[in-house]
Amino acid sequence: MKLKLARTTLKAKPKTIEFKKIEEELATKSIFYFDKDNSHKELKELIEYFEEKGFSVYMREVKYGMDENEYIYEVHIIA
């Protein structure tokens with residue numbers, strides 16, 4: 001399954017990342033930022049995927065502007 005990473009600029013298109021790649025990157029980092037274009041269902045699948053593997057996962061919305069649609073998802077994956 002693929003998710004869209006948070007955009008680095010407002011006009012940029014989000015890059016995608018697969019669950020396996022996230023799992024590989026857990027050796028060096030535990031916080032990931034995902035774009036608002038991801039569905040809540042997709043993010044729940046991410047949480048379930050890593051919880052089944054024994055990780056603790058915490059997700060929240062982070063607002064970066066005054067508009068209601070200016071947010072990203074912050075996901076912490078901890079072993």
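None of the figures in this text is laboratory data; all of them are computed from the coordinates on show. Just so we're clear, the structure is a prediction, and the values are computed from it rather than from any experiment. When we count neighbours, we look across all protein chains shown, and the Cβ atoms used for this are built from the backbone with ideal geometry, even at glycine.
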Quiz item: Anyone know which of 68, 45, 25 comes out most mobile in the 10 Å Cα GNM of the chain?
Solution: 68
Exercise. Could you tell me which chymotrypsin sites (Phe, Trp or Tyr not before Pro) in segment 26-79 are loop residues by DSSP with no more than 14 other beta carbons within 10 angstrom of their beta carbon?
Key: 64
Exercise. Working from Cα positions, state the angle (0 to 90°, nearest 10) between the long axis of helix 40-52 and the longest principal axis of the chain.
Key: 20
Quiz item: So for the chain, what percent of the C-alpha to C-alpha distances run longer than 15 Å?
Solution: 55
Quiz prompt | Table column - 3J(HN,Hα) (Hz), segment 65-75, Karplus curve with 6.51, -1.76, 1.60, x for Gly and Pro | solution = x, 7, 6, 4, 8, 9, 8, 9, 9, 10, 10
Practice problem: Using 0.36 nm per residue of separation minus the Cα-Cα distance, give me the extension gain between residue 41 and residue 7 in nm, one decimal. | Solution: 10.3 nm
Self-check item: Partners for residue 11 among lysines (Cα-Cα distance below 27 Å; same-chain residues under 8 apart left out)
Solution: 2, 21, 29, 36, 41, 44, 63
